[in-house]
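A.B. asks: Dropping the structure in here first, questions after.
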Amino acid sequence: MKRYCIIPAKTYSTRIPYKNIRKFIDKPIINYVLETVLFGGFDEVIVSTDTEIIKNAIKDFYFIFKDMPGASKLTIVDEKIDYEKKDRFVSDILHEILKSRNLKGYAFLTFPTSVFYTTSDIKASQSMVMNSYNRGIKANLATVCEYPHPIQRAFKLKIGKLSPFNKQEIQKRTQDLSEAYYDAAQFYWVNIEN
């Protein structure tokens, strides 16, 4: 089964201009992600971008690694995706990147600023997904983190006044409430056979 890594690398960012190629310690932040995924065992690493600036930064960096044993093939594609469109989801972006290519297998979607995982994490998560697949389950996977405190005891602030989101749950003991998780936005494995 083929495994593809997909990195959507847009130029524009509302809060931090050119954040995907901003220097982080000694190199552009996207290069840390590339260094990790290039040795993650992918059949191909696909970077989707909308600008020559990012393309050139990636090409220069890839030149260092392209002939190393175990390095994945890198493909840089021009995509004119409207990242700023309201109500965009990760699955929408992935679908737009894949629709022009006839790829089958599993896609590992990550972002140019997702630097908190290692090649070992890629391989461990890939093993989880492939074990499920081998048992006949077309599993998807997302990185999540547990909220440090039960969200059922959360409050909202409206016109200077605090009120609980859920009045019934606020009376319960912390240990009686369920754990909750949030999207860590590091990477996703998605079955792209269909």
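The values are calculated or read from the model by the stated rules, or taken from the named source; none is laboratory data. This one's a predicted model, so the numbers in the text were calculated from it and none came from an experiment. Methodologically, a virtual Cβ is constructed for each residue, glycine included, from the backbone with ideal geometry; neighbour enumeration extends over all protein chains shown. For the accessible areas, the whole protein counts, side chains as well, though only heavy atoms, and no ligand, DNA or RNA atoms are used. Shrake-Rupley method; radii C 1.70, N 1.55, O 1.52, S 1.80 Å.
Every residue, every condition in (1) among the hydrophobic types (A, V, I, L, M, F, W, C); (2) surrounded by 20 or more Cβ atoms within 10 Å (Cβ to Cβ), yes or no:
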{"position": "THR14", "(1), (2)": "no, no"}
{"position": "ILE21", "(1), (2)": "yes, yes"}
{"position": "LYS27", "(1), (2)": "no, no"}
{"position": "ASN31", "(1), (2)": "no, yes"}
{"position": "PHE39", "(1), (2)": "yes, no"}
{"position": "ILE46", "(1), (2)": "yes, yes"}
{"position": "ASP50", "(1), (2)": "no, no"}
{"position": "ILE54", "(1), (2)": "yes, yes"}
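A.B. asks: Now for a separate question. Among residues belonging to region 96-116 that are open to solvent by 30 Å² or more (accessible area, probe 1.4 Å) and under 17 Å from the mean Cα position of the chain (by Cα), point out the one that is farthest from SER132 (Cα to Cα).
C.D. replies: THR113
A.B. asks: Could you tell me whether any residue of region 62-75 is modelled with pLDDT of 90 or more and either loosely packed, with under 13 Cβ neighbours inside 10 Å or in a loop (DSSP other than H, G, I, E, B) (or both)?
C.D. replies: no
A.B. asks: Write out, first by first residue and then by second, each pair whose Cβ atoms fall under 6 Å of each other, whose residues are 6+ apart or on separate chains, and whose first residue, in region 95-122, is at pLDDT below 85 and of a type in the set (D, E, K, R) while the second is open to solvent by 40 Å² or more (accessible area, probe 1.4 Å) and part of a loop (DSSP other than H, G, I, E, B).
C.D. replies: Hits for this filter: LYS104/GLU193.
A.B. asks: Give just the number: which of (1) open to solvent by less than 50 Å² (accessible area, probe 1.4 Å); (2) modelled with pLDDT of 80 or more does GLU35 not satisfy?
C.D. replies: The single condition GLU35 does not satisfy is (1).
A.B. asks: OK, next. If I ask for residues that are open to solvent by 50 Å² or more (accessible area, probe 1.4 Å) and charged (D, E, K, R), which ones from region 151-192 would you list?
C.D. replies: Across region 151-192, the qualifying residues are ARG153, LYS156, LYS158, LYS161, LYS167, LYS172, ARG173, ASP176, GLU179, ASP183.
A.B. asks: Restricting attention to region 76-94, and to residues there that are closer than 21 Å to ALA142 by Cβ and of a type in the set (A, V, I, L, M), which single residue is modelled with the lowest pLDDT? Talk me through it step by step, then tell me what you get.
C.D. replies: Residues of region 76-94 closer than 21 Å to ALA142 by Cβ: 81, 83, 87-94.
Add one more test, that the residue is of a type in the set (A, V, I, L, M), and what stays is 81, 90, 93-94.
On the way: ILE81: 58, VAL90: 62, ILE93: 68, LEU94: 72.
Residue satisfying both the conditions and the ranking: ILE81.
A.B. asks: Give me the pairs: first residue in region 133-149 and of a type in the set (A, V, I, L, M), second residue open to solvent by 100 Å² or more (accessible area, probe 1.4 Å), beta-carbon distance under 7 Å, and six or more apart or on different chains, which are they?
C.D. replies: If the second residue must be open to solvent by 100 Å² or more (accessible area, probe 1.4 Å), the pairs left are LEU141/MET128; VAL144/TYR181.
A.B. asks: If I ask for residues that are under 13 Å from PHE108 (Cβ atoms) and out of contact with any helix residue (DSSP H, G or I) (no Cβ under 8 Å at 6 or more places or on another chain), which ones from region 1-59 would you list?
C.D. replies: Within region 1-59, LYS2, TYR4, VAL33, PHE42, ASP43, GLU44 qualify.
A.B. asks: Where residues in region 1-32 are closer than 18 Å to VAL77 by Cβ and aromatic (Phe, Trp, Tyr), which of them is modelled with the highest pLDDT?
C.D. replies: Once the filter is applied, the top-ranked residue is TYR4.
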